[in-house]
Amino acid sequence: MEEVWEREETTVREVLETLNSGRKQRAYTTIMTIMARLEKKGFLRRRKRGKTHFYRPTMSRDEYLEARAQSRVDELVADYGDLALAHFARQLGSVDPKRRAALRKLAKGS
């Protein structure tokens, strides 16, 4: 996703080249599969020009992070119920008051 956000629109080949520069080499088919899955989940939009598929993000980095955080919290609450909520409440008790106020403001914006 970072590579797609960086370019705003990209191809599998461009992402592959960037990821493979100076690092562990990944296969084209691996990146293609990941990008296809991200499209299926709604995180990317694909369009075809000639034989090439171009991918664009469907949301900003911040929107994506918000969606991922919400999903993780939902999973924790679904799996652990009140126990998970109690742990969140305990965590909030140890947070700096300024940060707690900022969190309240952030929660109201959701």
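The values are calculated or read from the model by the stated rules, or taken from the named source; none is laboratory data. Since this is a predicted model, take the numbers as computed values, not measurements. Every residue, glycine among them, receives a Cβ derived from its backbone with ideal geometry; neighbour counts consider all protein chains shown. Note: accessible area is taken over every heavy atom of the protein model, side chains too, but ligands, DNA and RNA are not part of it. Shrake-Rupley method; radii C 1.70, N 1.55, O 1.52, S 1.80 Å.
Descriptive notes on the structure:
- Degrees between helix 61-80 axis and first principal axis of the chain (Cα, 0 to 90, nearest 10): 50
- Spherically averaged projected area of the chain from its Cα convex hull (nm²): 9.9
- Percent of Cα-Cα distances greater than 19 Å, calculated over the range 49-110: 53
- Relative to the longest principal axis of the Cα atoms of the chain, the long axis of helix 82-93 makes an angle of roughly 80 degrees.
- Positive end of the dipole of the chain (Cβ unit charges, origin at the Cα centre): among 94, 81, 55, the Cα lying farthest that way belongs to 55.
- Using only side-chain charges placed at the Cβ, +1 for Lys and Arg and -1 for Asp and Glu, the dipole size of the chain relative to its Cα centre rounds to 300 debye.
- Carbon and sulfur %, accessible surface of the range 32-100 computed with the full protein complex present, 1.4 Å: 53
- Per residue, the range 52-110 exposes 82 Å² of solvent-accessible protein surface, assessed with a 1.4 angstrom probe and all protein chains in place.
- Each Cα pair under 8 Å and six or more residues apart adds its separation to the average, and for the range 29-75 the resulting relative contact order is 23 percent.
- Rel. contact order, % - alpha carbon contacts under 8 angstrom, at least six apart, the chain: 21
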